[in-house]
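Read the structure below first, then the notes.
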Amino acid sequence: MPTRRALLTGLTGGLLAAGTGRAFAAGSASAASLSGADPVSTGSRRVLHVHPGDSLQAAVDTVGGPGRTIVVHPGTYREVVNIPATTAELTIRGATRDPRATVVVFDHANGTKKPDGTTYGTAGSATFTSAAPGLTVRDLTLANDWLRADHPDITGTQAVAAYVTGDRSYFENVRLLARQDTLFVDTSALDAFDRQYFRRCHIEGDVDFVFGRATAVFDECHFHTLQRDVTFTPKGMVFAPSTARANPHGILAVRSRITSGAEDAAYKLARPWVPSYETTAWPSLVVRDSWIGPGIDPVVPYTNMRDTYPWQTMRFREYANSGPGAVISVPDNRPQLTPEEAGSHTRKAYLGDWRPYERS
């Protein structure tokens, strides 16, 4: 079984973190103890620097208005971070362009008990949570290093790296690492169609590791399925959308690639998630112009979460994909967009008047 350090060592072989700062739990450092706690004025924007030994959450708690930036310097920050909805237009970025150098990590799972005896639940297990509109995160790693093998008594094994609900949430050059339910792309309310954009991110896990009801666009991202110590297949699924029926746009992966650390055909591309709290959901997923590796079963790439909601009745489509995992041997098992339909499944169509992809 993999160790936590193995889990957090990226596909490119980089170390878990650079620097030698001390680790700490969430809230263990006050805002007053932050190194460089006095924000540095840079025109109309204000910048706060967080160094190893400081708390990123404490820095977030000092943000007093929109348009602030927190620069996180290389190191490992072992804490839970929560960005409230009132902290609008916040930027959190690593101090270097290498996302492996700055790591925010914790180890809660769905079934982990809180001090009061209750459990965290799936969303509550997240290392990084944001409800803030206009959030930008770039150039760092968000991880949950909880492992099933270390906790055989816990059956709620979902362990989220990032839980995101705010509209116009933008992630670029971010590594999102966990096992089950790595990235929860959710919305702020059941009647909201919040938009999220992930550009050149690395996302890895094993079961449903990109899931939720948001309008979420993944542009030039790398999805990596992990080896899982089980004897059955499928060992897991990459996507599990739970899109609202009224939302014409769910999860879109474009110009991306899917690789695997497991044997060929061990994984499915997706399964639909219809939550008990929203049984009218109509999951939507489009994977287009992407390379799909041999780890994905090319013959039967989709499966059911519950037979009550068969995947064939969902909005699952592909278009112009390549690679051994994209081979169409049974056409009924791989619904394809027509060229005309493909024009409605672009980042512009999904994100509307918000165009983060135009940033330099």
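Of all residues in region 173-184, those satisfying the criterion of being crowded, with 24+ Cβ neighbours inside 10 Å and part of a loop (DSSP other than H, G, I, E, B) are 174, 178, 179, 180, 181, 182.
Inspection of region 284-296 identifies at least one residue that is open to solvent by 40 Å² or more (accessible area, probe 1.4 Å), touching a helix residue (DSSP H, G or I) at 6+ places or on another chain (Cβ under 8 Å) and free of Cβ contacts under 8 Å to residues at least 60 places away in the same chain. Filtering 72, 80, 50, 60 for residues that are at pLDDT 95 or above, among the aliphatic types (A, V, I, L, M) and under 20 Å from residue 108 (Cα atoms) leaves a single hit, 80. Restricted to region 82-114, and to residues there that are over 14 Å from residue 68 (Cα atoms) and in a strand (DSSP E or B), the residue that is farthest from the chain's Cα centre (by Cα) is 113. Among the numbered criteria (1) buried (at least 23 other Cβ atoms within 10 Å of the Cβ); (2) not in a loop (DSSP other than H, G, I, E, B), which single criterion is violated by residue 187? It fails just one condition, (2).
For residue 200, the conditions (1) among the basic types (Lys, Arg); (2) surrounded by fewer than 24 Cβ atoms within 10 Å (Cβ to Cβ); (3) over 24 Å from residue 352 (Cα atoms) are fulfilled apart from (3).
Taking the conditions (1) closer than 21 Å to residue 205 by Cβ; (2) open to solvent by 30 Å² or more (accessible area, probe 1.4 Å) in turn, residue 277 satisfies each one other than (1).
Scan region 145-156 and tell me whether some residue there is surrounded by fewer than 22 Cβ atoms within 10 Å (Cβ to Cβ) and at pLDDT below 95. Don't jump to the end; show me each part of the working.
Initially, region 145-156 is screened for residues surrounded by fewer than 22 Cβ atoms within 10 Å (Cβ to Cβ), giving 147-156.
Retained after the next criterion (residues that are at pLDDT below 95): none.
No; the residues of region 145-156 include none that is surrounded by fewer than 22 Cβ atoms within 10 Å (Cβ to Cβ) and at pLDDT below 95.
Could you go through region 231-252 and let me know if any residue there is in contact with a Lys or Arg (Cβ under 9 Å, 6 or more places away or on another chain), among the polar types (S, T, N, Q), part of a loop (DSSP other than H, G, I, E, B) and crowded, with 22+ Cβ neighbours inside 10 Å. Yes, because at least one residue in region 231-252 is in contact with a Lys or Arg (Cβ under 9 Å, 6 or more places away or on another chain), among the polar types (S, T, N, Q), part of a loop (DSSP other than H, G, I, E, B) and crowded, with 22+ Cβ neighbours inside 10 Å. Scan region 76-124 for residues that are open to solvent by 50 Å² or more (accessible area, probe 1.4 Å), closer than 25 Å to residue 157 by Cβ and of a type in the set (Asp, Glu) and the total you get is 1. The set of residues in region 207-223 being surrounded by 21 or more Cβ atoms within 10 Å (Cβ to Cβ) and either assigned to a strand (DSSP E or B) or touching a helix residue (DSSP H, G or I) at 6+ places or on another chain (Cβ under 8 Å) (or both) consists of 207, 208, 209, 210, 211, 212, 215, 216, 217, 218, 223. Across region 302-327, the qualifying residues are those that are free of Cβ contacts under 8 Å to residues at least 40 places away in the same chain and part of a strand (DSSP E or B), and the one among them that is most open to solvent (accessible area, probe 1.4 Å) is 317. The set of residues in region 287-340 that are more than 17 Å from residue 250 (Cα to Cα) and among the basic types (Lys, Arg) comprises 306, 334.
The values are calculated or read from the model by the stated rules, or taken from the named source; none is laboratory data. What you are looking at is a predicted structure, and each value in this text was computed from that prediction instead of being measured. Counting neighbours? That spans all protein chains shown, and the Cβs are built from the backbone with ideal geometry, glycine included. Areas reflect the complete protein model, heavy atoms only, side chains present, ligands, DNA and RNA absent. Shrake-Rupley method; radii C 1.70, N 1.55, O 1.52, S 1.80 Å.
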